[in-house]
1. Label A81 and A45 with points 7 Å out from Cα along Cα→Cβ: what is the distance between them in nm?
2. Taking the dipole about the Cα centre of the chain, with the C-beta of Lys and Arg at +1 and of Asp and Glu at -1, give me whichever of T122, W9, A89 is farthest to the positive side.
3. May I ask for the Rg/Rh ratio of the chain, computed from Cα atoms with Rh as the Kirkwood radius, given to two decimals?
4. If you take every DSSP beta bridge fully contained in the chain, what fraction is antiparallel? Give it as a percent rounded to 5.
5. Across the Cα atoms of segment 61-122, what radius of gyration and what greatest pairwise Cα-Cα distance (Dmax) are found, in Å?
Amino acid sequence: MSYSDKGQWGWCKACEAMRQSGDGQGLECPDCGEPLIASARMTSAQNSIAKFTEWLRQVHAEGKSGPSPGGAAAELKCSRANIDMLVAADVLERVEYDEGGHRVIMISQRSIEKAKRNKKETGSWNPRGRDNE
């Protein structure tokens, strides 16, 4: 997110997101019309939520959202250790957020679906037909 664009950035409590007010308008949310808390006046908790929310939106926009590694293991019916091996082998796509004491790790749903297709077609999670390479 770039705060250097025209207009002012602020936190909308109603939308629970960072919003940019329109050029020449007051500091209000363009989506719901509620007043925005100017980015310079946000508390550390609001800043933390804003950063995480923006990361999560970006992950979703890039199609990288999905379950935790444990959730991926349950979905693929394999061990949690195998998930780490599949990530290391570039079979599964891992995204991580680690900032301000908050840590979230996801395995993209799209890579899980691809691994399922590979397993069905080749007998292996790996598209080359051999696991753990």
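Just so it is clear, none of the values below were taken in a lab; they were calculated from the coordinates. Every value quoted in this text rests on a predicted model; they were computed, and no experiment measured them. Every residue, glycine as well, gets a Cβ built from its backbone with ideal geometry; the counts of neighbours run over all protein chains shown.
1. In this crude spin-label approximation the distance works out to 4.2 nm.
2. Result: T122.
3. With Rh from the inverse mean 1/r over Cα pairs, Rg/Rh is 1.16.
4. Taking every DSSP beta bridge with both residues in the chain, the antiparallel ones total about 100 percent.
5. Answer for segment 61-122, Rg first and Dmax second: 11.7, 42 Å.
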